[in-house]
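Undergrad: Following this message is one structure expressed as structure tokens.
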Amino acid sequence: MIKILMIITAAALLLVSCNSEPTVQKYFVEKAEAKDFVAFDIAPSILKTDKYNLTAEEQSALKSIHNVNVLVFKANKDNAATFEKEADAAKGLLKTDDYESLIKVNAQGFIASINTKGEGNNIEEFVVYAQQPENGFGLIRVSGNNMTPNNVMTIASIIQKSGVNAEQFKALEQLMPNKQ
């Protein structure tokens, strides 16, 4: 009888200790196949770096990234209420899920932020949030080990010269402010 009571107590403690709070990762999983959302993952191997002689710094930066998850909500005139609700939920997650705000931009209706999770030069993930109400919003989640802000800048330069297929990023392109 005491063994049964101990097993029930242990099971109850496990259930109580499980984190049921929303997180960015859970949001990605829940919305990946939801109406009005487009989701895709990008592996660092998508970069065509074999033609380039990468420096040790560039190789290290690439190795620090495990994957990139992208989630885009495509806004239209029929889903305005859903857009507001989902945009608020996504921004709220970045305030409550142990993220530190690195950069915020709010210009001509375009809203963006970069948030990090981790300490100093041991950043576990970066999350970029971008929103333009007429087009929608997007979240880009970059996860890895021992990432640094310098790694992210290095990766950006590698992407520029590697010739990544731009068709894969059409959904994100719609969120960018129109050049006039």
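The values are calculated or read from the model by the stated rules, or taken from the named source; none is laboratory data. The structure displayed is predicted, hence computed values, not measured ones. Methodologically, a virtual Cβ is constructed for each residue, glycine included, from the backbone with ideal geometry; neighbour enumeration extends over all protein chains shown.
Undergrad: Collect the residues in segment 76-95 that are more than 13 Å from residue 137 (Cα to Cα) and within 15 Å of the chain's Cα centre (by Cα), keeping them in residue-number order.
TA: Scanning segment 76-95 gives 92, 93, 94, 95.
Undergrad: I need the strands (runs of 3 or more DSSP E) fully contained in segment 83-146, keeping only those with at least 2 residues that are in contact (Cβ under 8 Å) with a residue 40 or more places away in the chain.
TA: Those strands (runs of 3 or more DSSP E) span 100-107, 122-132.
Undergrad: To continue, here is another question. State which residue is modelled with the lowest pLDDT when the search covers only segment 1-33 and only residues that are in contact with an Asp or Glu (Cβ under 9 Å, 6 or more places away or on another chain) and not in a helix (DSSP H, G or I).
TA: 21
Undergrad: Taking the conditions exactly as written (at pLDDT 80 or above, surrounded by fewer than 11 Cβ atoms within 10 Å (Cβ to Cβ) and of a type in the set (A, V, I, L, M, F, W, C)), does residue 123 satisfy them or not?
TA: no
Undergrad: Please count how many residues of segment 49-82 are among the polar types (S, T, N, Q) and in contact (Cβ under 8 Å) with a residue 60 or more places away in the chain.
TA: Number satisfying all stated conditions: 5.
Undergrad: Tell me yes or no: at least one residue of segment 97-112 is at pLDDT 85 or above, touching a helix residue (DSSP H, G or I) at 6+ places or on another chain (Cβ under 9 Å) and surrounded by 13 or more Cβ atoms within 10 Å (Cβ to Cβ).
TA: Looking through segment 97-112, at least one residue is at pLDDT 85 or above, touching a helix residue (DSSP H, G or I) at 6+ places or on another chain (Cβ under 9 Å) and surrounded by 13 or more Cβ atoms within 10 Å (Cβ to Cβ).
Undergrad: Tell me, yes or no, whether segment 41-62 has at least one residue that is part of a helix (DSSP H, G or I), of a type in the set (Lys, Arg) and surrounded by 12 or more Cβ atoms within 10 Å (Cβ to Cβ). Before the answer, list the steps.
TA: First, the residues of segment 41-62 that are part of a helix (DSSP H, G or I): 44-46, 56-62.
Then keep just the ones that are of a type in the set (Lys, Arg); that gives none.
No, segment 41-62 has no match at all.
Undergrad: Follow-up. Being of a type in the set (Gly, Ala, Ser) and either assigned to a strand (DSSP E or B) or surrounded by 15 or more Cβ atoms within 10 Å (Cβ to Cβ) (or both) is the filter here; which residues of segment 63-82 pass it? Explain how you work it out, then say what you get.
TA: First, pick out the residues of segment 63-82 that are of a type in the set (Gly, Ala, Ser): 64, 75, 80-81.
64, 75, listed by residue number.
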